Amino acid sequence: PAYSDLDRWLLGRLQQLIEGVTERLESYQPDRATALVSVFVDQLSNWYLRRSRRRFWAKAGASRASDEDKQAAYRSLYQVLVTLTRLLAPFMPFTTEAIHQNLVRSHDPVAPESVHHTAWPVPDPALRAPELTEQMALVMRLVSLGHSARNQSGLKLRQPLSEAAFAVATSEERRAVERHAGLIAEELNVK
């Protein structure tokens, strides 16, 4: 099944996280490593999971494309959770062990007995999506600015807007806005 832009963004961000946490730990900066994890978990829950909610709850058998999209979302989330568990193991040994037992060992009896017996995650160059990652960062920033403008104007999110306009600095940013215009419009309730 083909991964959506949202899946590819999440998996690309995961590769960045693996690199960042590894670098911070190798330079004896565990506080900065956990700060990176905190930002990632926030984006995972407040962007990816929220944006993918319909995909996770799609009715099975509705269409082949819908089923494949649902499986791609589940597969992406599973990969992220398993890798995140391994990245967090040095910081939260008992919690990550319980997660590993429930998430991995319960489905794969030949998997390592403990999260602490697994290899440290290594970034997969094939999953890096630097352009998409930059575009999604811009989209999230614009959506945040749009929410802020709504709050300052006293416009509730339930009230649809007829349009939203953004000034961008470069042609790359303009292409990113055009590519993800539907997502931005949906987030800001623009009809």
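Within region 56-76, the set of residues being touching an Asp or Glu at 6+ places or on another chain (Cβ under 9 Å), surrounded by fewer than 19 Cβ atoms within 10 Å (Cβ to Cβ) and touching a residue at least 24 places away in the same chain (Cβ under 8 Å) comprises ARG75 only. Contact map, region 15-31: residues that are more than 9 Å from PRO123 (Cα to Cα) paired with residues that are assigned to a helix (DSSP H, G or I) and among the basic types (Lys, Arg), Cβ distance under 6 Å, separation 6+ or inter-chain. Pairs shown: ARG24/ARG32.
Suppose we keep only residues that are in a helix (DSSP H, G or I) and touching a residue at least 40 places away in the same chain (Cβ under 8 Å) within region 80-116. Which one would you say is nearest to ALA176 (Cα to Cα)? So, considering only residues that are in a helix (DSSP H, G or I) and touching a residue at least 40 places away in the same chain (Cβ under 8 Å), the one nearest to ALA176 (Cα to Cα) is VAL80.
Could you tell me whether GLN101 is out of contact with any strand residue (DSSP E or B) (no Cβ under 8 Å at 6 or more places or on another chain), at negative phi and open to solvent by 60 Å² or more (accessible area, probe 1.4 Å)? When the stated conditions are applied, GLN101 passes them. The residue list ALA167, ALA119 contains one member that is open to solvent by 50 Å² or more (accessible area, probe 1.4 Å), closer than 24 Å to VAL21 by Cβ and not in a helix (DSSP H, G or I), which is ALA119. Taken over region 122-143, the criterion of being assigned to a helix (DSSP H, G or I) and open to solvent by 70 Å² or more (accessible area, probe 1.4 Å) is satisfied by PRO125, ALA126, PRO130, GLU131, GLU134, ARG141.
The values are calculated or read from the model by the stated rules, or taken from the named source; none is laboratory data. Everything quoted here is computed from the prediction, not taken from an experiment. So basically every Cβ, Gly included, is an ideal-geometry build from the backbone, and we count neighbours across all protein chains shown. Just the protein is used for accessible areas: all its heavy atoms, side chains included, with ligands, DNA and RNA removed. Shrake-Rupley method; radii C 1.70, N 1.55, O 1.52, S 1.80 Å.
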